[in-house]
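Taken together, the values in this text are just the output of simple stated rules run on the coordinates, not laboratory data. Since the model is a prediction, treat every value here as computed from it, not as a measurement. Cβ coordinates were reconstructed from backbone atoms using ideal geometry, including for glycine residues, and neighbour counts include every protein chain displayed.
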Amino acid sequence: MNIIETVLGVPLGYVLYAAFLITGGFGMAIVIFAAISKLLLFPLIRLAHLNSIRLLKLQPALSAIKKRYNQDKERLNEEQYKLFGKERYSPLVGLVPLLAQLLLLVGMLQVMYDPLRHMRLPEGTDLRFLIFDLGVIPSLRNPSAELIIPLLSGLAALLFSLVQNSISPGALSQGKKTNLGLAVFNVGLSVYFAAVTPAGVGLYWTAGNLCAIAVAFALYQMYNPRKLAAEALAQQKAERKTPAEHKEEKERNKALRTRENDDAARFLAKKKQLVFYALSSGQYKYYKNTIEYLLEHSDIVIHYLTSDPDDAVFQQNSERLIPYFASQRKTIFLMLKLDADIMVTTVPDLQSYHMKRSVVRDDIEYIYTFHSPTSTSLIYKEKAFDTFNTVFCVGPHQVAELRRREELANLTRRKLVKTGYGLYDQLVESYAGILSVQNEKPLILIAPSWQADNILDICIDSMLEALLGQGRIVVVRPHPQYTRLFPERMEFLAKRYCRYVTDGELIFELDFSSNRSIFTSDVLITDWSGISYEFSYCTHRPCIYINTPMKIMNPNYEQYGLEVLDISLRDKVGVSIDVNDLGRLNEAVVDLLENKDSYKNQIEQTLKQYVYHPGRSGEAGGKYIIDRLTAKGNTGDV
């Protein structure tokens, strides 16, 4: 006697024998056993059901993590693991009832291949059930009534799959194609097993699926996933595209691929002196001052590569500013084949993700320019700037941090150019033209970062609840990267608060080509976004900082032994509020509206201390590039 028979076959034989004595029939004993097994497994199935509801609730958060870290698989897995632990979800729980049912099936196979011996029944015991001989394996060579059993098994599996796909939390968290595929697999497996094993196994499988339908309905009534995870399902529905939208997206992608191939061919056609690279249209403003200085004070041809097909750079008219479109995937290839003297970007982590150094030339000077006056040691990865040859620095704090990084990592000393902050210069220039603007109603700007656990992810509802209905106008201006990764989230919020949008009390600002909302706002509310510097440095008005979880990309930042600007400035240019204390948000807004000039002198002094060359950043960056290209000689654009 083998171990499987000992552990499974013998005990199940006794159980079936007991059922046989109660019912007086072999077929009914199998049906009763299938029902009892589902009843005994109910606690495990219930546990898996609740676990699946947890996963369903987590779908929006999982979707956000996948989008945010799709280029960093290690971080993606780490964040998913953290989320699962926090919400007490385990992928293994769903396997427990399946494993238990598999063991029962193996035991049933042992019994069904020799039912008389396992059930201690005398020879000649009738194994028939209705018109079926349950001890016979269905055969096409010798057709008999038992061939109906596989069909009944498949039909029961189909009914169970239809019910499960309609009401189970696991199916609700998956796409229709996945559910359809699982249904086809379940039906096919049910038919196959019933066709190659004794008919009693097919009857057990059929009865088991019918009992599973009853269990599914019972759990649905007890723990309705549509009610328990209503918000997650609503967001999933909002994110789901219509067939027309799918068709439109397919046609757009086809046109973009053609355009991308044409632009890539043009980009690789000849050597270049100077290349700028941007992820999105919103990044042009960080290069604007330098580019305009170059166009005015040199004859350098600027090649501008962008991963945004709708980048505003395509609307520029200068013959010496040549734009190209390439997706991030295509950019990998173009960067490897780059033939230029200088490449400028505001995308960090060179060599880490899609942006690699050229394999064609090893003398290209890679320049990083900051898109925020922020600290380099906290919200960037520790190696974010290690492979750049040159860094355009906003202020002395960045120079100190980068030099400290060189010491700690024993890096070759880089060129750190004191350029200042171009976007600040643009803001000041534009702000001068609207100083006389007076808001009829106070204007409150909410402008969060795009990091995980930002305002839009964890507390926007509580904030809007506190701010709306107070006779003000609230503007929500997400980070450009956030809208690129999570457009459906913004659509969902716009629909949720459509009444306030229609009344003009709430505005979702998704056009980042204008900074008017920054200039005209009376109060800015943010988390860890660098926009607070732009707002305060330009308008000399304070901010309200929401203490969402701090973005720490470099866990070793304390080793630098330097002041972290992102932390210290929160108390210099504004006030902070904890996420669990948003009940006093409206009170803080009222206080700042009444005393918004009290921080003016302090903000002015902070600006002088932390920003190089106010008003002349384009000149500083442009002169450096001209000098470097002059030193290199005319090696490009020939």
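Could you work out Rg/(2.2 N^0.38 Å) for region 436-586, with Rg from alpha carbons only?
Taking the Cα Rg and dividing by 2.2 N^0.38 Å, one obtains 1.04.
Assign one of three labels to region 538-608, namely rounded, prolate or oblate, based on the Cα gyration tensor with a ≥ b ≥ c the square roots of its eigenvalues; rounded applies when a/c is under 1.5, prolate when it is not and a/b is larger than b/c, and oblate otherwise.
oblate
If you put +1 on each Lys and Arg Cβ and -1 on each Asp and Glu Cβ, how big is the dipole of region 435-610 around its Cα centre, in Debye rounded to 20?
Dipole about the Cα centre, nearest 20: 360 debye.
Would you work out which of THR331, TYR557, LEU321 lies farthest towards the positive end of the dipole of the chain, given +1 charges on the beta-carbon of Lys and Arg and -1 on that of Asp and Glu, about the Cα centre?
THR331
Residue by residue through region 307-320, what is 3J(HN,Hα) from phi via Karplus (6.51 cos²θ - 1.76 cosθ + 1.60, θ = phi - 60°)? Round to whole Hz and write x for glycine and proline.
9, 10, x, 9, 4, 5, 4, 6, 8, 6, 9, 5, 6, 9
Would you mind listing how long region 487-543 runs along its three principal axes, going by Cα atoms, in whole Å with the largest first?
On the principal axes, region 487-543 reaches 34, 22, 21 Å in Cα extent.
Run down the lysines and flag those whose C-alpha is under 26 Å from the C-alpha of LYS38, throwing out any fewer than 8 positions away in its chain.
Qualifying lysines at Cα under 26 Å: LYS227.
With unit charges on the beta carbons (Lys and Arg positive, Asp and Glu negative) and the dipole taken about the Cα centre of the chain, which residue among HIS118, TRP205, LEU50 sits farthest to the positive side?
Highest projection toward the positive end goes to HIS118.
What is the order of TRP205, TRP450, fewest Cβ neighbours within 10 Å to most?
Ordered from fewest to most neighbouring Cβ atoms within 10 Å, TRP205, TRP450 come out as TRP450, TRP205.
Mind putting a number on the dipole of region 3-235 about its Cα centre? Charges go on the C-beta only, +1 for Lys and Arg and -1 for Asp and Glu, and I need it in Debye to the nearest 20.
Dipole magnitude for region 3-235 comes out near 1060 debye.
Under a point-charge model restricted to the Cβ atoms of Lys and Arg (+1) and Asp and Glu (-1), what is the dipole moment magnitude of the chain relative to its Cα centre, in debye to the nearest 20?
Working: 72 positive and 68 negative charges, 239 e Å.
Using Cβ point charges on Lys, Arg, Asp and Glu, the chain gives about 1140 debye.
Name the long-range amide H neighbours of VAL344: under 5 Å, sequence gap of 5 or more, or other chain; modelled H, no Pro or chain starts.
VAL275, PHE276, TYR277, ILE367
In the chain, with Lys and Arg counted as +1 and Asp and Glu as -1 at Cβ, which of these residues, VAL476, ASN77, PHE185, has the Cα nearest the positive end of the dipole, that is, farthest along it?
So the residue we want is PHE185.
In which sequence would VAL301, VAL344, VAL611 go, from the one with the fewest C-beta neighbours within 10 Å to the one with the most? Can you show the working numbers first?
On the way: VAL301 17, VAL344 25, VAL611 20.
Taking fewest neighbouring Cβ atoms as first place, the list is VAL301, VAL611, VAL344.
Tell me the net charge near SER514. Cut-off is 14 Å between Cβ atoms, SER514 excluded, with +1 for each Lys or Arg and -1 for each Asp or Glu.
0
Rg and Dmax of region 29-131, using alpha carbons, in Å: what are they?
Every Cα atom of region 29-131 included, Rg and Dmax give 21.8, 68 Å.
Computed over the Cα atoms, what is the radius of gyration of region 150-214 divided by 2.2 N^0.38 Å, N being its residue count?
Scaled against compact globular proteins, the figure is 1.10.
What are the ³J(HN,Hα) couplings of region 257-269, residue after residue, when phi is run through the Karplus curve with 6.51, -1.76, 1.60 and θ = phi - 60°? Round to Hz, x for glycine and proline.
5, 5, 4, 4, 5, 5, 5, 5, 5, 5, 5, 8, 5
Restricting the count to DSSP beta bridges whose residues both fall in region 435-610, what percent are antiparallel, rounded to a multiple of 5?
Values: 0 of 18 bridges.
Roughly 0 percent of the beta bridges in region 435-610 run antiparallel, per DSSP.
Order by neighbour count: ASP341, ASP310, fewest other Cβ atoms within 10 Å first, most last. Display every interim value, and only then the final one.
Details: ASP341 24, ASP310 10.
In increasing order of surrounding Cβ atoms, one gets ASP310, ASP341.
Taking region 188-251, which trypsin sites (Lys or Arg not before Pro) meet the DSSP loop condition and have no more than 13 other C-beta atoms within 10 Å?
Here the trypsin sites (Lys or Arg not before Pro) that fit, given the DSSP loop and packing criteria, are ARG240, LYS241.
Starting at the first residue of region 207-214, write each ³J(HN,Hα) from the Karplus equation 6.51 cos²θ - 1.76 cosθ + 1.60 with θ = phi - 60°, in whole Hz, x for Gly and Pro.
5, x, 5, 5, 5, 5, 5, 5
Counting only DSSP beta bridges with both residues in the chain, what percent are antiparallel, rounded to the nearest 5?
Antiparallel bridges make up about 5 percent of those DSSP assigns within the chain.
How long are the semi-axes of the ellipsoid equivalent to region 89-168, from square roots of 5 times the Cα gyration tensor eigenvalues, in whole Å, largest first?
Over the Cα atoms of region 89-168, the ellipsoid semi-axes are 30, 20, 10 Å.
Kindly provide log₁₀ I(q)/I(0) values, in the same order as q = 0.07, 0.16, 0.17 Å⁻¹, from the Debye equation applied to equal alpha-carbon scatterers of region 3-235.
So the normalised log intensities work out to -0.29, -1.10, -1.19.
For the pairs LYS288/LYS495; LYS67/LYS176; LYS381/LYS572; LYS67/LYS572; LYS82/LYS418, flag any whose C-alpha to C-alpha distance is greater than 32 Å. Provide the component values of the computation, followed by the final result.
Values: LYS288/LYS495 35 Å; LYS67/LYS176 21 Å; LYS381/LYS572 26 Å; LYS67/LYS572 34 Å; LYS82/LYS418 40 Å.
Flagged as over cut-off: LYS288/LYS495; LYS67/LYS572; LYS82/LYS418.
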